[in-house]
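J.: Encoded as structure tokens, here's the structure I'll be asking about.
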Amino acid sequence: MSPEYIVGGTFSEKSDVFNFGVLILEIVSRKWSEIVDEALGDLYSPLEVKKCVHIGLLCVQNRAIDRPTMTEVDLMLISETDRPSPKEPPYTFPASSVKRDSKTTGCSNNYVTITAVEGR
């Protein structure tokens, strides 16, 4: 889910872009032997894979305004246009203005758990 939906319940076209970016990054982060069709052998382009990762990172920007539209994503996928650099790493939230106590251990106290979901 997109950060703006999780934090404020706001859903938009940019939420779909975020989800598309997550999908791209999940696909390219698997083992090469599971991604590339065996019939292709070594005929796929590593540059195309790099382009997909770049587009995926653009799609998962925290701020919806920083994400491309799906029309822009489509254009980036079918052409070799210049792509902007992602503005920030994905899945980060702005730093809190509250200073930490020096005695804290660095553990989260927001009772959120992270579950890793893996396909079969």
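Bear in mind that the values in this text are calculations on the coordinates, not laboratory data. Keep in mind that what you see is a predicted model, and the values were worked out from it rather than measured. Because the Cβ atoms are built from the backbone with ideal geometry, glycine has one as well, and the counts that use them run over all protein chains shown.
J.: Order the peptides 5-16, 58-69 from the highest to the lowest mean number of other Cβ atoms within 10 Å of their residues.
T.: Ranking, from highest mean packing down: 58-69, 5-16.
J.: Between Leu47 and Glu26, what FRET efficiency follows from the Cβ-Cβ distance if R0 is 22 Å, with the result rounded to 0.05?
T.: Working from the Cβ atoms, E equals 0.60.
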